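**Q** I'd like to ask you about the structure that follows.
The values are calculated or read from the model by the stated rules, or taken from the named source; none is laboratory data. Small disclaimer: the values here were computed from a predicted structure and weren't measured. Every residue, glycine as well, gets a Cβ built from its backbone with ideal geometry; the counts of neighbours run over all protein chains shown.
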């Protein structure tokens with residue numbers, strides 16, 4: 001079943017064609033990689049899907065329903081979580097407070113039951129996720145005091161607070177040490193095995209090739225290639241896009 005689909009999606013900034021006619025299908029339960037040189041349109045594509053940018057043209061369908069024109073909060077409530085290339089945290093807030101704040105942003109999904117149970121549900125969800133990520137013992141620590149890798153894990157946990165069905169990860173392995181990288185890899189795999197769908201932007205080719213079942217390559221805002229990791233690795237047009245200009 002197709003969970004997310006874009007049809008001839010375009011996003012132009014004046015004469016810059018950041019996303020230029022992208023047709024993309026993400027199947028339910030898939031672990032899809034999205035790669036391409038810097039400036040190829042990957043993060044802009046995420047911005048369009050999550051309502052941060054409004055597309056210039058084209059369609060974005062999630063479970064067959066259009067997302068175009070919805071706010072980021074409305075799209076999150078449909079069941080899409082996201083992390084960012086630049087971590088979005090309030091450094092003075094504690095780890096636990098950061099998770100609870102993320103829950104408030106998604107009210108109407110995870111916290112849709114009786115009002116008296118909302119705080120309890122959010123706390124239990126945060127405790128479960130922080131324990132899974134190895135951050136529960138640091139729950140009272142300010143987010144700004146965490147290592148960069150721990151902040152990446154916290155950002156990941158915040159994206160999971162609403163129990164989404166699709167998570168968009170923007171460079172989760174960027175700048176982290178091998179231990180955190182492998183931890184992130186294991187968590188994504190485990191959650192995917194439970195049915196959670198992921199689309200992952202990443203420049204770490206070893207990470208993306210180990211993780212993903214299928215890879216889409218963007219270049220100059222267009223889909224250059226798509227297929228299993230082995231096929232992408234041996235595709236001469238992909239190699240030229242990365243190394244040949």
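**Q** Return yes or no: is residue 237 without any contact (Cβ under 8 Å) to a residue 40 or more places away in the chain, assigned to a helix (DSSP H, G or I) and in contact with a helix residue (DSSP H, G or I) (Cβ under 9 Å, 6 or more places away or on another chain)?
**A** Criteria not met by residue 237.
**Q** Next question. Would you mention how many residues in the range 191-208 are closer than 30 Å to residue 163 by Cβ, touching a residue at least 60 places away in the same chain (Cβ under 8 Å) and surrounded by fewer than 19 Cβ atoms within 10 Å (Cβ to Cβ)?
**A** Qualifying residue count, the range 191-208: 3.
**Q** Taking the residues in the range 123-143 that are loosely packed, with under 15 Cβ neighbours inside 10 Å and at pLDDT below 95 as candidates, determine which candidate is farthest from residue 73 (Cα to Cα).
**A** Once the filter is applied, the top-ranked residue is 124.
**Q** Scanning for something surrounded by fewer than 16 Cβ atoms within 10 Å (Cβ to Cβ), outside any helix (DSSP H, G or I), over 17 Å from the mean Cα position of the chain (by Cα) and assigned by TED's automatic domain parsing to the domain that holds residue 60, does the range 170-189 turn up at least one residue?
**A** yes
**Q** Out of everything in the range 40-62 that is part of a loop (DSSP other than H, G, I, E, B) and touching a residue at least 60 places away in the same chain (Cβ under 8 Å), what residue ends up being surrounded by the most Cβ atoms within 10 Å (Cβ to Cβ)?
**A** Let us first name the residues in the range 40-62 that are part of a loop (DSSP other than H, G, I, E, B), namely 40-41, 50-56.
Narrowing further to those that are touching a residue at least 60 places away in the same chain (Cβ under 8 Å): 40-41, 50.
Working: 40: 23, 41: 25, 50: 20.
Only one residue fits best here, namely 41.
**Q** I've got another one for you. Which ones in the range 10-39 are part of a loop (DSSP other than H, G, I, E, B) and either in contact (Cβ under 8 Å) with a residue 60 or more places away in the chain or within 24 Å of residue 239 (Cβ to Cβ) (or both)? Walk me through how you get there before you give the answer.
**A** Narrowing the range 10-39 to residues part of a loop (DSSP other than H, G, I, E, B): 14-15, 28-30, 36-39.
Within the range 10-39, 28, 29, 30, 36, 37, 38, 39 qualify.
**Q** Any residue at all in the range 56-66 that's farther than 24 Å from residue 211 by Cα and within 15 Å of the chain's Cα centre (by Cα)? Please lay out each step first, then the result.
**A** Narrowing the range 56-66 to residues farther than 24 Å from residue 211 by Cα: 56-61, 63-66.
Filter once more, so that each one left must be within 15 Å of the chain's Cα centre (by Cα): none.
Checked against the condition, which is being farther than 24 Å from residue 211 by Cα and within 15 Å of the chain's Cα centre (by Cα), the range 56-66 yields no hits at all.
**Q** Shifting gears a bit: Looking at 129, 166, 191, 196, can you tell me which residue is in contact with a helix residue (DSSP H, G or I) (Cβ under 8 Å, 6 or more places away or on another chain) and at negative phi?
**A** 129
**Q** Okay, next question. When you check residue 225 against the structure, is it crowded, with 19+ Cβ neighbours inside 10 Å and either closer than 24 Å to residue 75 by Cβ or touching a residue at least 12 places away in the same chain (Cβ under 8 Å) (or both), yes or no?
**A** For residue 225, the condition - crowded, with 19+ Cβ neighbours inside 10 Å and either closer than 24 Å to residue 75 by Cβ or touching a residue at least 12 places away in the same chain (Cβ under 8 Å) (or both) - is not met.
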